[in-house]
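The values are calculated or read from the model by the stated rules, or taken from the named source; none is laboratory data. As the structure is a prediction and not an experimental result, all values here were calculated from the model. With ideal geometry, Cβ positions are generated from the backbone for all residues, glycine too; neighbour counts draw on all protein chains shown.
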Amino acid sequence: MEKMLLSLFLIGSLLQISLVAQQNAARVSSVLIKAGRLVDVRAGRVLQNQGILIENDRILRVGPLAEIERQASPATRVVDLSHATVMPGLVDCHVHILLQGDVTSADYDEQLLRESIPYRAIRATVSVRNALMNGFTAMRDLGTEGAMYADVDVKNAIARGVIPGPRMFVSTRAFSGTGMYPLLGYSWELTMPEGVQIVDGVENIRRAVREEVKYGADWIKFYADRRYYMKAGVLHSWVNFTDEEMKAFVEEAHRLGHRVASHAMGREGIDAALRAGVDSIEHGYGLDEELIDRMVRQGTYWCPTIYTGVYVAEGRAREGRPIYMTMRDMEAKIFGVAVRKGVKVAFGTDAGAFPWTENAAKEFAFMVRYGMTPMQAIQSATITASELLDATDDMGAIEAGKFADIVAVANDPTQDITELERVRFVMKGGQVFRDELSH
Ligand SMILES: [Zn+2]
């Protein structure tokens with residue numbers, strides 16, 4: 001009996017010791033990354049043989065490896081990426097995690113009519129995991145497309161460590177006016193689900209903005225236009241809201257400390273969204289020099305979503321919407337002009353409009369083909385994206401104080417931008433989610 005008590009006591013003490021050890025480990029976790037090449041996005045250059053010292057979820061110090069190594073403690077774990085290129089985690093500023101591809105309107109209607117919101121949320125958990133494994137450590141979701149506030153739930157599940165995924169900035173339900181967004185074309189005696197929150201009139205808009213913020217929206221997103229058509233070489237569109245209505249979205253969101261993204265394709269839509277003072281223009285396929293100059297003056301960001309334009313063009317043309325081919329080709333021409341004039345281009349792909357099995361990093365190669373240097377394309381997905389998200393204290397560069405959101409590729413992406421389609425190391429908040437590179 002005594003023996004048994006003694007052994008119980010011993011087991012108890014051992015358990016206690018291991019618990020204390022675990023708590024100590026949880027208190028400070030220290031990691032040193034040896035970076036053979038480090039992309040310094042602020043200076044726009046690639047540095048050799050750098051060290052990154054990480055404590056828990058944030059970066060403590062960055063500098064020449066020999067210097068940083070001296071500051072590491074014996075308990076510091078080393079991640080050897082001395083043969084790789086290390087860079088800040090990528091940020092996609094335009095995604096729809098609750099959508100799984102909508103090349104045709106049948107694809108879209110199918111998801112809203114045959115998939116429950118819980119089922120779509122389950123699929124979204126796979127979308128966000130794919131994105132993280134591809135190197136995206138933060139994303140802005142611009143509309144749940146009928147799935148209500150499920151983006152807030154996915155965001156919370158990621159933030160609480162329930163599922164792996166990027167840091168999420170969400171806009172819950174995008175806004176449009178009555179009759180201006182799918183589902184459309186069904187018998188009038190049916191009450192169909194809406195892909196957006198329908199709202200008309202200034203006072204209703206103010207209340208609807210407050211309501212979305214109440215349920216967790218970080219961003220407010222509205223559709224400025226629809227019914228795109230060409231006339232005399234100009235992409236025109238029908239505007240969805242009056243000036244007073246659009247200004248109400250922006251005023252109310254800003255008053256509550258939130259930013260506004262506007263889907264705007266044609267000249268009239270972009271023009272109206274800029275008059276209202278939105279923070280970002282989404283797609284903007286119909287941009288021209290005059291609109292570009294206004295964006296530069298106003299400091300408006302542009303999310304060009306090139307890859308989705310390319311991905312959906314032919315399918316939508318076959319479906320009877322050939323305008324998408326024209327819009328794709330127009331953007332190829334105007335992109336370089338916007339870059340030269342100094343528009344703040346924030347990397348955004350519209351992932352979800354193409355399936356999540358596609359790697360959204362394919363966008364980079366188009367940005368370079370259309371007129372950016374590889375470094376500019378990298379900056380748009382890191383430093384510029386973090387500015388748009390008002391998150392420069394936390395992300396966008398590998399600097400002391402920011403989250404340890406770090407990715408790595410085998411070769412130098414400033415030499416071959418497609419290297420970003422082959423991210424092989426992913427760390428978010430100091431936690432390694434993927435590593436096929438370190439030695
Ligand atoms: Zn979109």
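If the condition is being closer than 15 Å to residue 235 by Cβ and surrounded by fewer than 16 Cβ atoms within 10 Å (Cβ to Cβ), then region 311-320 contributes no residue at all. Going by the structure shown, is residue 205 assigned by TED's automatic domain parsing to the domain that holds residue 283, more than 20 Å from the chain's Cα centre (by Cα), at pLDDT 95 or above and within 30 Å of residue 131 (Cβ to Cβ)? Here the answer is no, as residue 205 does not meet what is asked.
One residue stands out in region 92-122 among those that are in contact (Cβ under 8 Å) with a residue 40 or more places away in the chain and of a type in the set (D, E, K, R): the one that is farthest from residue 364 (Cα to Cα), namely 109.
For region 279-303, the set of residues classified as in a loop (DSSP other than H, G, I, E, B), within 16 Å of residue 385 (Cα to Cα) and within 16 Å of the ligand (Cβ to nearest atom) consists of 279 only. Checked against (1) assigned to a helix (DSSP H, G or I); (2) within 16 Å of the ligand (Cβ to nearest atom); (3) buried (at least 24 other Cβ atoms within 10 Å of the Cβ), residue 348 meets all criteria but (1).
Of the helices (runs of 4 or more DSSP H) lying entirely inside region 43-150, those containing at least 1 residues that are outside the structural domain of residue 195 (by TED's automatic domain parsing) span 65-71.
Within the set 116, 105, 171, the sole residue that is within 26 Å of residue 397 (Cα to Cα) and among the polar types (S, T, N, Q) turns out to be 171. Restricting attention to region 384-433, the residues being in a helix (DSSP H, G or I) and surrounded by fewer than 24 Cβ atoms within 10 Å (Cβ to Cβ) number 7. Taking region 229-258 as the range and being within 16 Å of the ligand (Cβ to nearest atom) and surrounded by fewer than 24 Cβ atoms within 10 Å (Cβ to Cβ) as the test, only 237 passes.
Just to be sure before I move on: is residue 203 assigned to a helix (DSSP H, G or I), crowded, with 23+ Cβ neighbours inside 10 Å and not aliphatic (A, V, I, L, M) in the structure I sent? No; evaluated as a whole, the condition is false for this residue.
Of the residues making up region 351-370, those that are in a loop (DSSP other than H, G, I, E, B), buried (at least 20 other Cβ atoms within 10 Å of the Cβ) and within 16 Å of the ligand (Cβ to nearest atom) are 352, 353, 356, 360.
Would you check if there is a residue in region 172-180 being more than 16 Å from the ligand (Cβ to nearest atom), closer than 27 Å to residue 302 by Cα and buried (at least 18 other Cβ atoms within 10 Å of the Cβ)? Looking through region 172-180, at least one residue is more than 16 Å from the ligand (Cβ to nearest atom), closer than 27 Å to residue 302 by Cα and buried (at least 18 other Cβ atoms within 10 Å of the Cβ).
Cβ-Cβ distances below 6 Å connect the following pairs, each with a first residue in region 51-79 that is within 24 Å of residue 160 (Cα to Cα), a second residue that is assigned to a loop (DSSP other than H, G, I, E, B) and among the hydroxyl-bearing types (Ser, Thr, Tyr), and a separation of six or more residues or different chains: 56/29.
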